[in-house]
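Below: one structure, written as structure tokens.
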Amino acid sequence: MDLDKAIRKVPDFPKPGILFYDITSIFTNPPAFRYAVEQMILRYANNNVDGVVAIESRGFLMGACYAEKTGVPLVLARKKGKLPGKTLQQSYDLEYGSATLEIHEADLTPGKRWLIIDDLIATGGTLQAVAEMIERAGSEVAGIFSIIGLPFLNYMDKIGKYKPVTLIDYHGETV
Ligand code: AMP
């Protein structure tokens, strides 16, 4: 499966100079979608994953597939203000300003191993924020999975210790 062909690339989105890797074109391509889900599950076959934390919003899609297929709990990491119950919160830096993610505190059972799932790793700041919440809750990060990696943005500096897994990497090419 050539996953690259299944990923839509949109130059200058959401602003000039950014090449946006759009994974929604994987979901409209059933063989590519099936391949991505199968590969994700294969990579963690021997990793004792107790549950999944999926990141809003494209991370929800792959995270839901992992949880349903392997029979583990699915916990959502949402943008601030969306979750109704008592939450853990973590802020992180964006290129301009900052953002905050929240997780329902009651959902993050302590002492478990959580796999964090998102669509793309750029600087790694988003995933690092979620990893910090998991560790603050007394749990462990079992791994980090993302369909796409942009290693030239040096995400290994932030999240290398969690041994992130990606299915395809891009190295700063333009289209
Ligand atoms: P970061 O925290 O820098 O690793 O950014 C990761 C988040 O931003 C992911 O949830 C992605 O959905 C989104 N993102 C960042 N850069 C891109 C890009 N070039 N194409 C698509 N999504 C991106």
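What separates the Cα centres of region 129-175 and region 29-44 is a distance of 18 Å. Note on the chain: Rg/Rh from C-alpha atoms, Kirkwood Rh, equals 0.95. In straight-distance terms, cross-link reach from Lys80 covers every one of the aspartates and glutamates whose alpha-carbon lies under 20 Å from its own, apart from those fewer than eight places away in the same chain; here that gives Glu56, Asp93, Glu95, Glu102, Glu105, Asp107, Asp118, Asp119, Glu132, Glu135.
Report, in deg cm²/dmol and to the nearest 500, the calculated mean residue ellipticity at 222 nm for the chain, where each DSSP H run with n ≥ 4 adds -39500 (n - 2.57) and the sum is divided by the residue count. Please report the intermediate quantities before stating the final value.
Working: 6 runs with 52 residues, N = 175.
It comes out at -8500 deg cm²/dmol, rounded to the nearest 500.
To check you understand DSSP bridge types, tell me what percent of the beta bridges within the chain (both residues inside) are antiparallel, rounded to 5. Given both bridge residues lie in the chain, the antiparallel proportion sits at roughly 40 percent. In a reduced charge model with +1 at each Lys and Arg Cβ and -1 at each Asp and Glu Cβ, the chain shows a dipole moment near 260 debye about its Cα centre. Farthest towards the positive end of the charge dipole of the chain, among the residues Leu120, Gly71, Ala54, is the Cα of Gly71, using unit charges on the Cβ of Lys, Arg, Asp and Glu.
GluC sites (Glu not before Pro) within region 1-100: which are DSSP loop residues with at most 12 other Cβ atoms inside 10 Å? Walk me through the intermediate numbers first.
Working: sites: Glu38, Glu56, Glu68, Glu95; in loops: Glu56, Glu95.
Within region 1-100, the qualifying GluC sites (Glu not before Pro) (loop, at most 12 other Cβ atoms within 10 Å) are Glu95.
Considering only alpha-carbon pairs that sit under 8 angstrom and 6 or more positions apart, the relative contact order computed for the chain is 18 percent.
Which GluC sites (Glu not before Pro) from region 96-175 combine a DSSP loop assignment with at most 11 other Cβ atoms within 10 Å? List each step's numbers first, then the result.
Values: sites: Glu102, Glu105, Glu132, Glu135, Glu140, Glu173; in loops: Glu173.
Within region 96-175, the qualifying GluC sites (Glu not before Pro) (loop, at most 11 other Cβ atoms within 10 Å) are Glu173.
For the options Gln89, Gln128, Gln39, a Gaussian network treatment of the chain with springs between C-alpha atoms closer than 10 Å singles out Gln39 as fluctuating the most.
Every read-out reported here was derived from the displayed coordinates using simple, explicitly stated rules and does not represent laboratory data. What you are looking at is a predicted structure, and each value in this text was computed from that prediction instead of being measured. Counting neighbours? That spans all protein chains shown, and the Cβs are built from the backbone with ideal geometry, glycine included.
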